[in-house]
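Every number here is computed from the coordinates shown, using simple stated rules; none is lab data. This one's a predicted model, so the numbers in the text were calculated from it and none came from an experiment. Because the Cβ atoms are built from the backbone with ideal geometry, glycine has one as well, and the counts that use them run over all protein chains shown.
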Amino acid sequence: MKQVLITGASTGIGFDLTRTLCEKGYKVWAGVRKPESLDRLTQDFSDKLTVLKLDITNSHDIERALKIVQNEINPDQELILVNNAGIASGGPIEGLSLEEWRKVFDVNLFGMVEITKMFLPLIRHTKGRIINMGSISGRVASPFLGPYTASKFAVKAFSDSLRRETASLGVHVSLIEAGPIRTEIWSKSIDSSDEIAKKLSPEVRETYGSMMAALREGVVETAKEAVPVQHVTMAILHAIQSRLPRVNYLVGKNIKLQAGLMRFMSTRMMDKVIKKSLRFQKS
């Protein structure tokens with residue numbers, strides 16, 4: 001039976017995947033910042049689940065997690081790393097601090113890079129797999145979501161480089177490119193963006209206020225169309241179980257169609273579509 005390490009397992013996709021894998025009999029290490037968040041699963045799957053205190057922006061947490069996995073792993077079975085942890089926030093580039101950019105990149109990219117580097121020797125030894133959580137936002141950059149979309153473009157590039165480096169070593173690398181999924185990231189990102197908006201200067205608020213309001217309304221409407229988290233869980237399960245896992249998994253309502261259209265649309269046409277979809281008005 002394969003062994004799986006999941007980051008960001010306390011809610012949403014990570015939690016659903018952890019529960020599903022435990023139910024199927026997998027050995028699972030679930031990384032969370034607050035271990036008590038998985039108490040209910042620990043009680044039900046004490047023989048299958050090890051909860052790790054794991055903030056992927058903390059090198060000491062990653063090193064401690066590695067030691068635990070090294071002590072518990074079956075070296076004759078495949079080890080799979082699911083890089084699921086991520087955050088989202090946004091605002092006008094003119095008004096966003098570099099601290100906000102660094103916070104998003106620390107979680108969505110640099111944390112992913114560091115934990116992958118640390119665990120790669122184990123994954124290579126077991127001919128395992130790496131599954132990275134990307135986004136459809138890694139293909140098209142939305143306005144006022146600069147840090148998030150830039151980080152997801154970087155995750156796609158990181159996944160491509162990693163896959164091409166490790167394919168000959170027997171390591172599979174897959175990228176999950178999800179559209180709107182029904183998870184807490186929507187409410188968290190709206191709350192985060194609202195807090196950022198409060199800190200903007202009066203000039204920036206006046207300049208971008210109506211556009212930001214349109215975007216917020218669009219995010220709320222999009223969230224209503226989000227598909228259940230189980231859609232992503234099923235895609236990750238395929239990447240874990242398939243003899244030939246896919247390189248990219250497009251998940252979500254009409255996401256494959258959108259991705260196909262993007263390949264044929266000019267940049268200028270894409271700009272017009274985004275502007276229309278967000279109902280931008282002059283401020």
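Take the Cβ atoms of residue 102 and residue 184, set R0 to 30 Å, and the FRET efficiency comes out at 0.85. Restricting attention to the range 3-277, close to 0% of DSSP beta bridges with both partner residues there are antiparallel. The 3J(HN,Hα) values that the Karplus relation (6.51, -1.76, 1.60; θ = phi - 60°) gives for the range 155-160 are, in residue order, 4, 5, 5, 4, 5, 5 Hz. Gly and Pro appear as x. Here is the list for the range 189-235: trypsin sites (Lys or Arg not before Pro) lying in DSSP coil, each with at most 16 other C-beta atoms within 10 angstrom of its C-beta, are 199. Each Lys and Arg adds +1 at its Cβ and each Asp and Glu adds -1 at its Cβ; summed about the Cα centre, the range 3-277 shows a dipole of about 880 debye.
For the range 236-267, the list of trypsin sites (Lys or Arg not before Pro) that fall in a loop by DSSP and count at most 10 other C-beta atoms within 10 angstrom reads 243, 263. On full extension, the segment bounded by residue 201 and residue 118 gains 25.8 nm, given 0.36 nm per residue less the C-alpha separation.
Summarising the amide proton neighbourhood of residue 173: residues at separation of 5 or more, or on other chains, whose placed amide H is nearer than 5 Å comprise 130.
Computing FRET efficiency as 1/(1 + (r/R0)^6) for residue 94 and residue 271, where r is the C-beta to C-beta distance and R0 is 22 Å, gives about 0.75.
Residues of the range 1-20 with an amide N closer than 20 Å to a point placed 7 Å from the Cα of residue 191 along the Cα-to-Cβ direction: 8-16. Inter-label distance, residue 53 to residue 241: 3.5 nm, where each label sits 7 Å from its Cα along the C-beta direction. The local environment of residue 23, defined by Cβ-Cβ distances under 15 Å, has a net charge of +3 under the rule Lys, Arg +1 and Asp, Glu -1.
Listed cross-link partners 103/199; 156/224; 256/276; 48/103 are compared with a 23 Å cut-off, the Cα-Cα value being larger for 156/224; 48/103. In this calculation the C-beta distance from residue 234 to residue 76 is compared with R0 = 25 Å, giving a FRET efficiency of 0.35. To test your reading of the geometry: what angle, between 0 and 90 degrees and rounded to tens, separates the Cα axis of helix 111-125 from the longest principal axis of the chain? Taking Cα atoms only, the helix is inclined about 30 degrees. Charged side chains reduced to their Cβ positions (Lys and Arg at +1, Asp and Glu at -1) give the range 1-50 a dipole of some 160 debye around its Cα centre. Relative to the longest principal axis of the Cα atoms of the chain, helix 230-241 runs at roughly 40 degrees. Fully extending the segment from residue 24 to residue 11 would add 2.8 nm, taking 0.36 nm per residue of separation and subtracting the current Cα-Cα distance. All other residues with a Cβ under 13 Å from the Cβ of residue 62 taken together, and with Lys, Arg as +1 and Asp, Glu as -1, what is their net charge? Cβ neighbours under 13 Å give a net charge of 0.
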